[in-house]
Amino acid sequence: MAGLQLKGVAKRYGATTVIHHVDLDVKDGEFVVFVGPSGCGKSTLLRMIAGLESVSDGDILIDGMRVNDVSAAQRGLAMVFQSYALYPHMTVYQNLAFGLENLRTPRATIEAKVHEAAQMLRLDALLERRPTQLSGGQRQRVAIGRAIVRDPTIFLFDEPLSNLDAELRVQMRAEITALHARLGATMIYVTHDQVEAMTMADRIVVLRAGRVEQVGTPLELYNRPGNRFVAGFIGSPQMNFLSGRIAAVHETGAHIALDAAPNAASDAALPLRGSSVTAQQPIRLGIRPEHVTLGAATAGSLHLTATIDRIEQLGAASFLYCSLGSGERLTVHTAGQVEYARGNQVTVNLPITDTHLFDASDAEAALALR
Amino acid sequence: MASLTTVLTARRGRGRPDWTDWFSYGYLLLGLVLMFGPVLWLVLSSFKSAAALNEFPPQLLPYGQRSVAVAGQEKPLPLYRVTMPDGSTRELAEVRRIGIQATLVDPSAPDLEYKVNIRDRKPVREFRLATGNYTEIFREFSFGTYLWNSVFITVVATLITLLFNAMAAFALSKYRFGGRDAVFLLIISTLMIPPTIILVPNFLVVSQLGLLNSLWGVIWPAVATPTGVFLLRQYMLTIPDELIDAARMDHASEWRIFWRIVLPLSAPALAVLAIFSVMWRWNDFLWPLIVLSRTEKFTLQLALNAFQGELTTQWHYLLAMTVITLLPVTFVFAFLQKYITTGIASAGVK
């Protein structure tokens, strides 16, 4: 089995650097998801691992062996492409068998492996069809089957579900997760959809503009985002960000004054650990919509008055889109149904223990790590 | 068949034919006659005997004089319709003719001879195809050799053209390397050089390589065509790169990617190029004329040319050969024309 290591990997096209010094250690059997907005370099990084793009700097190691100069065909990885990339002139069987034929596998073995994979992916009845005669989900399964038949040590997925409709996407997500559990192979999965990342990954790598922003388990990223970008990217709807400043620093923590309520310095102190802040330092306070509570002021919270602009009632949950006195916007996610109407003024509570504090500078690193 | 009727009776409106309908059909008919008339005449004439070809005024259909076997005569005798002195007409067989006097007999009563002025007899003719034209050219001349030479050159040159041009197009469309565009432009720019200009240098090269009077001397200089490279490259650009990446992930060597993925997917463009190449090589005249000077190496086109003798031309054979020469290109064009349009369209617009 195989682990994968990236050591200072970089990619440049002429003067443009698209991947900056990426270090990553993927353990054997791990399901790692690369997530980030379009153009962040996640696909490029995956293609570099696959051997389809050259490496400008740094080393890629598979099982401790440096593979920078090993061709894609020789690396022994399998990849599932966004467009599926099925060979349109071959039947499903031929598509699945092509890789094995290239390895000069005996015909009987090819047949056995193709049928095994077809059975696993419920493609038995489709083996004689051409890709054009298949539905999106079936094509996707053929693409995965093509990867499976060669028993690769590492699977690479490049946004494999982005061409499917929502329902099929949920189904295929479960199938890929089940596949990972069954095969126990290392899988690297690229997506721009944070829900896919959260639901499938053992570990998530968040990328932005060719840099790794944070690596961690889904809940680590959710609970302790390392900077404002990660905080905003993980979680749906997006985390609310409110600007303010440090009102005072005490031994117990920092008191915060928000622009939305400048005179009401919070009575509760936000515990700070390991990072030093100074009074009057501008900060950004983040809070997830699901942590905001409505109604009477509670202790240990920041209280704000908000005007409801829009309400979405989903039955089991409600989303309130509010505006604050400072002109900032605040999204509230509350369980169950609410009685409010548009234009109502409500008191919102931001429990201080659920807030995230970020530096207001460009880097926007997290200040408070709870 | 029904669709053919629909096409042939298509009209502008639903009711009575408009004047534009008459005009359109008239125009199309004129075009048909202009384009097809000569071909039709050629085909019909190729079935005429040497005598029928020299007839004046010429007949459209091939006719031959009817002959009849007469008892007591070795050969069948030609039949004539004779106007007798009493004004009646009879069909008689001619035994011999001396000057303006012909001796004829009645085939049913061959003992009685009639002497008539040749102006009073007209040959009895019937529609008859002189298929001998076609069989005799194989027997009397080395037509089979010419045909084989032409077929060999056409088939081999087309296969090599397809392979070489496809390889060049694959590299130019799917690999990123320095100077790729320069190479492509260089290849395309050779289109601007008329072949006649490089005739002499080409001849010197072929001569130095000892390929004169060899069929390969006709094949090799023609296989690298800028048109073919351009056509195939434009088509291959439309093959998604992900397919090639997928094949690489599937352990395919570059040659296997080319052979198993790119070539099959380029089939429409390859078909177009194959059609073009067959037509070019088959109809090629100037270059074979220069390279091939020995009769046994002649292609059909050269043979046709050589057949026009200095003193006499055996038109009935020449016409038959011309028809045979036309056939392959006609078939290729008729059956593959839809590939030509789709192939060119898809290669032109991405």
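The values are calculated or read from the model by the stated rules, or taken from the named source; none is laboratory data. None of the values given here were measured: they were computed from a predicted structure. All Cβ positions, even for glycine, are placed from backbone atoms using ideal geometry, and neighbour counts span all protein chains on display.
Any idea how many residues of segment A:59-77 are under 20 Å from A:P160 (Cβ atoms), more than 8 Å from chain B (Cβ to nearest Cβ) and touching a Lys or Arg at 6+ places or on another chain (Cβ under 6 Å)?
Taking segment A:59-77 as the starting set, the residues that turn out to be under 20 Å from A:P160 (Cβ atoms) are A:72, A:75-77.
Checking which are more than 8 Å from chain B (Cβ to nearest Cβ) leaves us with A:75-76.
Filter again for touching a Lys or Arg at 6+ places or on another chain (Cβ under 6 Å), leaving none.
Adding up the residues that qualify gives 0.
For segment B:284-297, state whether one or more residues are at the interface with chain A (Cβ under 9 Å from one of its Cβ atoms) and under 26 Å from B:V332 (Cβ atoms). Spell out the reasoning first.
So in segment B:284-297, the residues at the interface with chain A (Cβ under 9 Å from one of its Cβ atoms) come out as none.
No, segment B:284-297 contains no residue that is at the interface with chain A (Cβ under 9 Å from one of its Cβ atoms) and under 26 Å from B:V332 (Cβ atoms).
Would you please list the contacts, defined by Cβ atoms under 7 Å and residues six or more apart or on different chains, that run from a residue in segment A:105-134 that is closer than 22 Å to A:A174 by Cα to a residue that is acidic (D, E)?
A:A118/A:D124
I need the full set of residues from segment B:45-67 which are crowded, with 16+ Cβ neighbours inside 10 Å and hydrophobic (A, V, I, L, M, F, W, C), in order please.
B:F47, B:A52, B:L53
Could you please find all residues in segment B:275-298 being in contact (Cβ under 8 Å) with a residue 24 or more places away in the chain and not in a helix (DSSP H, G or I)? Even if it seems obvious, please write down each step before you answer.
Step one: filter segment B:275-298 for residues in contact (Cβ under 8 Å) with a residue 24 or more places away in the chain, giving B:275-284, B:286-288, B:290-298.
Those that are in contact (Cβ under 8 Å) with a residue 24 or more places away in the chain and not in a helix (DSSP H, G or I): B:D284, B:L292, B:S293, B:R294, B:F298.
Would you confirm whether or not segment A:67-76 contains a residue that is touching a Pro at 6+ places or on another chain (Cβ under 7 Å), in contact (Cβ under 8 Å) with a residue 24 or more places away in the chain, over 23 Å from A:I234 (Cβ atoms) and buried (at least 22 other Cβ atoms within 10 Å of the Cβ)? Explain how you work it out, then say what you get.
Just the residues of segment A:67-76 that are touching a Pro at 6+ places or on another chain (Cβ under 7 Å), to begin with: A:76.
Okay, now just the ones that are also in contact (Cβ under 8 Å) with a residue 24 or more places away in the chain, so A:76.
Filter once more, keeping what is over 23 Å from A:I234 (Cβ atoms): A:76.
Now drop any that are not buried (at least 22 other Cβ atoms within 10 Å of the Cβ), which leaves none.
No, every residue in segment A:67-76 fails to be touching a Pro at 6+ places or on another chain (Cβ under 7 Å), in contact (Cβ under 8 Å) with a residue 24 or more places away in the chain, over 23 Å from A:I234 (Cβ atoms) and buried (at least 22 other Cβ atoms within 10 Å of the Cβ).
With the requirement that a residue be surrounded by 20 or more Cβ atoms within 10 Å (Cβ to Cβ) and facing chain B (nearest Cβ under 7 Å), what does segment A:78-99 give you? Explain how you work it out, then say what you get.
First pass over segment A:78-99, keeping only residues surrounded by 20 or more Cβ atoms within 10 Å (Cβ to Cβ): A:78-81, A:84-87, A:92, A:95-99.
Passing the criteria: A:A78, A:M79, A:F81, A:A85, A:Y87, A:F98, A:G99.
Look at B:A169 and say whether it is assigned by TED's automatic domain parsing to the domain that holds B:P328, modelled with pLDDT of 95 or more, surrounded by 15 or more Cβ atoms within 10 Å (Cβ to Cβ) and more than 26 Å from the chain's Cα centre (by Cα). Spell out how you get there, then give the answer.
On the way: assigned by TED's automatic domain parsing to the domain that holds B:P328: yes; modelled with pLDDT of 95 or more: yes; surrounded by 15 or more Cβ atoms within 10 Å (Cβ to Cβ): yes; more than 26 Å from the chain's Cα centre (by Cα): yes.
Yes, satisfied.
Has segment B:226-235 got any residue that is within 10 Å of chain A (Cβ to nearest Cβ), over 25 Å from the mean Cα position of the chain (by Cα) and not polar (S, T, N, Q)? Spell out the reasoning first.
Just the residues of segment B:226-235 that are within 10 Å of chain A (Cβ to nearest Cβ), to begin with: none.
No, segment B:226-235 contains no residue that is within 10 Å of chain A (Cβ to nearest Cβ), over 25 Å from the mean Cα position of the chain (by Cα) and not polar (S, T, N, Q).
Does segment A:196-206 hold any residues that are surrounded by fewer than 24 Cβ atoms within 10 Å (Cβ to Cβ) and more than 17 Å from A:T186 (Cβ to Cβ), and which are they?
A:M198, A:T199
Just checking: which of the strands (runs of 3 or more DSSP E) contained wholly in segment A:237-321 hold 2 or more residues that are at pLDDT 85 or above and crowded, with 19+ Cβ neighbours inside 10 Å? Give the steps one after another, and end with the answer.
Numbers: elements: A:240-249, A:254-258, A:282-287, A:301-313.
Fully inside segment A:237-321 and qualifying: A:240-249, A:282-287, A:301-313.
Given (1) touching a helix residue (DSSP H, G or I) at 6+ places or on another chain (Cβ under 6 Å); (2) outside any helix (DSSP H, G or I); (3) more than 10 Å from every other protein chain (Cβ to nearest Cβ), identify the lone condition not met by B:T238.
(1)
Filter segment A:101-126 down to the residues that are within 14 Å of chain B (Cβ to nearest Cβ), surrounded by fewer than 21 Cβ atoms within 10 Å (Cβ to Cβ) and touching a helix residue (DSSP H, G or I) at 6+ places or on another chain (Cβ under 8 Å) and list them by number. Steps first, please.
Keep residues of segment A:101-126 that are within 14 Å of chain B (Cβ to nearest Cβ), which gives A:101-105, A:110, A:113-114, A:117.
Adding the requirement that they be surrounded by fewer than 21 Cβ atoms within 10 Å (Cβ to Cβ) leaves A:101-105, A:110, A:113.
Correct list: A:E101, A:N102, A:T105, A:I110, A:K113.
When you check B:I160 against the structure, is it modelled with pLDDT of 95 or more and either more than 17 Å from B:A269 (Cα to Cα) or not in a loop (DSSP other than H, G, I, E, B) (or both), yes or no? Break it down stepwise before answering.
On the way: modelled with pLDDT of 95 or more: yes; either more than 17 Å from B:A269 (Cα to Cα) or not in a loop (DSSP other than H, G, I, E, B) (or both): yes.
Considered against the rule, which asks whether it is modelled with pLDDT of 95 or more and either more than 17 Å from B:A269 (Cα to Cα) or not in a loop (DSSP other than H, G, I, E, B) (or both), B:I160 comes out as yes.
Restricting to segment B:242-264, name every residue that is touching a helix residue (DSSP H, G or I) at 6+ places or on another chain (Cβ under 8 Å) and more than 9 Å from chain A (Cβ to nearest Cβ). Full working, then the answer.
Here is the first cut: in segment B:242-264, the residues touching a helix residue (DSSP H, G or I) at 6+ places or on another chain (Cβ under 8 Å) are B:243-253, B:256-258, B:260-263.
Answer for segment B:242-264, where residues must be touching a helix residue (DSSP H, G or I) at 6+ places or on another chain (Cβ under 8 Å) and more than 9 Å from chain A (Cβ to nearest Cβ): B:I257, B:F258, B:V262, B:L263.
For the structure I just gave you, tell me whether B:A71 is of a type in the set (A, V, I, L, M), assigned to a strand (DSSP E or B), more than 38 Å from the chain's Cα centre (by Cα) and assigned by TED's automatic domain parsing to the domain that holds B:P123. Working first, answer last.
Numbers: of a type in the set (A, V, I, L, M): yes; assigned to a strand (DSSP E or B): no; more than 38 Å from the chain's Cα centre (by Cα): yes; assigned by TED's automatic domain parsing to the domain that holds B:P123: yes.
For B:A71, the condition - of a type in the set (A, V, I, L, M), assigned to a strand (DSSP E or B), more than 38 Å from the chain's Cα centre (by Cα) and assigned by TED's automatic domain parsing to the domain that holds B:P123 - is not met.
For residues that are part of a loop (DSSP other than H, G, I, E, B) and either within 23 Å of A:G145 (Cβ to Cβ) or of a type in the set (F, W, Y) (or both), tally how many sit in segment A:50-108. Quick ask: steps written out before the conclusion?
Here is the first cut: in segment A:50-108, the residues part of a loop (DSSP other than H, G, I, E, B) are A:51-56, A:63-64, A:67-71, A:76, A:81-91, A:103-106.
Still in the running and either within 23 Å of A:G145 (Cβ to Cβ) or of a type in the set (F, W, Y) (or both): A:51-52, A:76, A:81-91, A:103-106.
Qualifying residue count for the region: 18.
Does B:G210 count as away from every other protein chain (no Cβ under 14 Å), over 30 Å from B:Y134 (Cβ atoms) and part of a loop (DSSP other than H, G, I, E, B)?
Details: away from every other protein chain (no Cβ under 14 Å): yes; over 30 Å from B:Y134 (Cβ atoms): yes; part of a loop (DSSP other than H, G, I, E, B): yes.
So B:G210 passes the test.
Would you confirm whether any residue within segment B:250-271 is in a loop (DSSP other than H, G, I, E, B) and more than 30 Å from A:I154 (Cα to Cα)? Lay out the reasoning, then the answer.
So the first thing to find is which residues in segment B:250-271 are in a loop (DSSP other than H, G, I, E, B), and the list is B:250-253, B:266.
When the remaining residues are screened for being more than 30 Å from A:I154 (Cα to Cα), the result is B:266.
Scanning segment B:250-271 turns up at least one residue that is in a loop (DSSP other than H, G, I, E, B) and more than 30 Å from A:I154 (Cα to Cα).
Quick one: which strands (runs of 3 or more DSSP E) lie wholly within segment A:109-225 and hold at least 2 residues that are at pLDDT 90 or above and of a type in the set (S, T, Y)?
Values: elements: A:154-158, A:186-191, A:203-208, A:211-216.
Output list reads A:186-191.
Would you point out the residue of segment A:1-49, among those that are assigned to a helix (DSSP H, G or I) and of a type outside the set (S, T, Y), that is nearest to A:V195 (Cα to Cα)?
Taking segment A:1-49 first, the residues assigned to a helix (DSSP H, G or I) are A:42-49.
Applying the additional criterion that residues be of a type outside the set (S, T, Y) yields A:42, A:45-49.
Working: A:K42: 16, A:L45: 21, A:L46: 20, A:R47: 23, A:M48: 25, A:I49: 24 Å.
This residue is A:K42.
Here is a yes/no grid of residues against (1) surrounded by 12 or more Cβ atoms within 10 Å (Cβ to Cβ); (2) without any contact (Cβ under 8 Å) to a residue 12 or more places away in the chain; (3) in contact with an Asp or Glu (Cβ under 9 Å, 6 or more places away or on another chain):
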position	(1), (2), (3)
B:L79	yes, no, yes
B:Q101	no, no, no
B:P107	yes, no, yes
B:K115	no, no, no
B:V124	yes, no, yes
B:R128	yes, no, no
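Any chance segment A:141-160 includes a residue that's surrounded by 19 or more Cβ atoms within 10 Å (Cβ to Cβ), more than 14 Å from chain B (Cβ to nearest Cβ), under 23 Å from the mean Cα position of the chain (by Cα) and within 16 Å of A:F81 (Cβ to Cβ)?
Within segment A:141-160, one or more residues are surrounded by 19 or more Cβ atoms within 10 Å (Cβ to Cβ), more than 14 Å from chain B (Cβ to nearest Cβ), under 23 Å from the mean Cα position of the chain (by Cα) and within 16 Å of A:F81 (Cβ to Cβ).
List pairs: first in segment A:141-170 and within 25 Å of A:G3 (Cβ to Cβ), second crowded, with 18+ Cβ neighbours inside 10 Å and of a type in the set (K, R), Cβ under 6 Å, 6+ apart or cross-chain?
Taking only residues 6 or more apart or on different chains, the pairs are A:V149/A:K113.
Applying the selection to segment B:102-133, what residues are small (G, A, S) and assigned to a strand (DSSP E or B)? Talk me through it step by step, then tell me what you get.
We begin by selecting, within segment B:102-133, every residue small (G, A, S); these are B:102, B:108-109, B:130, B:132.
B:A102, B:A109, listed by residue number.
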